[in-house]
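Contents: one structure, followed by commentary.
Bear in mind these aren't lab numbers, they're just calculated from the coordinates by the rules spelled out. This one's a predicted model, so the numbers in the text were calculated from it and none came from an experiment. Note that we place each Cβ from the backbone using ideal geometry, even for glycine, and neighbour counts take in every protein chain shown.
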Amino acid sequence: MTIKVGLVSLGCPKNLVDSEIMLGLLKESGFIITNREKEADVIIVNTCSFINDAKEESIKTIFELARLKEEGNCRVLLVAGCLAQRYHRELTEEMPEVDGLIGTGAIHEVPVLVRRALAGEKAFLVESPGYLHTSLQPRMQATPSYTSYLKIAEGCDNRCSYCTIPLVRGPFRSREAEDIINEAAGMVKQGTKELVLVAQDTTRYGLDLYGRPYLDSLLECLAGLEGLIWIRLLYTYPSLINDQLIRLIAREKKICNYLDIPLQHASNSVLQRMKRQGGNAEIQRLIKKLRAEIPGIILRSTFIVGFPGETEEDFEELLSFMTSMQFDRVGVFTYSREEDTPAASMPDQVPEEIKMARRDKAMSLQQKISHEKNRGKIGAQLSVLVEKKNTGKTYTGRSEGDAPGIDGKVKFTSETHLQPGDFVKVLITAAQPYDLTGKLVRE
């Protein structure tokens, strides 16, 4: 009998890589993969539990898909990922709709879980989070072929006081450089033109294996892959952005002049309570150095407002820092009180309405900064990766300064027919707060 499996992936790109590996393993084991949930005999929800909103989205999705046991073909509903790893007891006791769980440490055992659940067993595979995938494992890409995520490490050793990642993903562990390069080479052979490197902390890559941060060496090898055009770095940690990495980004054309650096705050007192390495002065020196040595670099960051003990003065310091640093891209999140973290038991928890007001104020400021920076691009010619044909002669794509799924788009017109995955030059003619508008430049 042919068994159809559908998978819904929630959360970050790192979770998406896990989903692609599970799909590859299931396909290799003889299951039919479908993206039509109503047709699926087995539905897997790969969940996120990073903050409260992510947990709520995961639980809501599980309940919505559980209805397909009545309205569709679903015989088995399985929950995978961070929520299953962290809350396996609660899910087992409180959600009878769920037929099995698979934690972050047992991703490679997903075919076993599916077979056991189909046989009528309530199967729970939640192990210590020590799993690390290899290039030998099959992977079914869920992104367009021209853009691929490359997970170079798993887990985290930073132990920020608000974060549950070490609990659900385990300690930091790097993949062997040779294995990563083999996987990347296979992706490029299959049509990948943009590699997006991800990990909980990409700048820590190799420290556990090679005795030093090894990201620069890995990037040099990846840049040698023929046919690859862009290499993009996400989740870099400021204290490990060293001179070798900066010089390499400045020198190597394939590495995007783009860095995602989650800073979380600018007040030294808040950063200390967060257990973040480095303070305001060190961060400012780094930002100024990056801009001096890599002209035109696009900098993205994220900040948390409403952390326990954050005063109005702390928040104003953050706003002043954002105004001074003029980041190109910023995401602002309200602090989420996560059980089993040091921050959850800290005094002076900030009321929810104050958190929301601070987030809105910070994002309003950033929208003005982003709009002004985008206006500065009017008249420039940007290299754009075509992603979609719209109606008529209009297209949507991304520039070197736009990461997939989180940053803006470039919308442009072209008299020439283009394909997704093409790289073209676009003259920017108008700017919005987050997106750009332009027209194709004939070369």
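Tabulated values for the structure
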item: Checklist (1) touching a Ser or Thr at 6+ places or on another chain (Cβ under 6 Å); (2) closer than 20 Å to residue 286 by Cβ applied to residue 343, failing item; result: (2)
item: Residue match in region 338-347 (condition: under 24 Å from residue 268 (Cβ atoms), of a type in the set (Asp, Glu) and within 24 Å of the chain's Cα centre (by Cα)); result: yes
item: Looking only at region 408-435, and only at residues there that are in a strand (DSSP E or B) and under 26 Å from the mean Cα position of the chain (by Cα), the one that is surrounded by the fewest Cβ atoms within 10 Å (Cβ to Cβ); result: 423
item: Segments classed as strands (runs of 3 or more DSSP E), wholly inside region 92-186, with at least 2 members that are of a type outside the set (A, V, I, L, M, F, W, C) and out of contact with any Leu (no Cβ under 7 Å at 6 or more places or on another chain); result: 147-151
item: Residues within region 34-90 that are in a strand (DSSP E or B) and in contact (Cβ under 8 Å) with a residue 40 or more places away in the chain, tallied; result: 5
item: Selected residue (criterion: nearest to residue 337 (Cα to Cα)) from residues of region 39-59 that are surrounded by fewer than 24 Cβ atoms within 10 Å (Cβ to Cβ) and hydrophobic (A, V, I, L, M, F, W, C); result: 51
item: Selected residue (criterion: surrounded by the most Cβ atoms within 10 Å (Cβ to Cβ)) from residues of region 222-245 that are in contact with a Lys or Arg (Cβ under 7 Å, 6 or more places away or on another chain) and more than 20 Å from residue 146 (Cα to Cα); result: 237
item: Residue in region 368-382 that is of a type outside the set (Val, Ile, Thr), part of a strand (DSSP E or B) and touching a residue at least 12 places away in the same chain (Cβ under 8 Å) present; result: yes
item: Out of 397, 405, 438, 401, sole residue that is surrounded by 19 or more Cβ atoms within 10 Å (Cβ to Cβ) and outside any strand (DSSP E or B); result: 401
item: Criterion: part of a helix (DSSP H, G or I) and in contact with a Phe, Trp or Tyr (Cβ under 7 Å, 6 or more places away or on another chain) - qualifying residue of 248, 222, 218; result: 218
item: Within region 237-263, considering residues that are in contact with a Ser or Thr (Cβ under 7 Å, 6 or more places away or on another chain) and touching a residue at least 60 places away in the same chain (Cβ under 8 Å), the one nearest to residue 323 (Cα to Cα); result: 260
item: Flag if residue 86 is over 23 Å from residue 132 (Cα atoms) and of a type outside the set (Asp, Glu); result: no
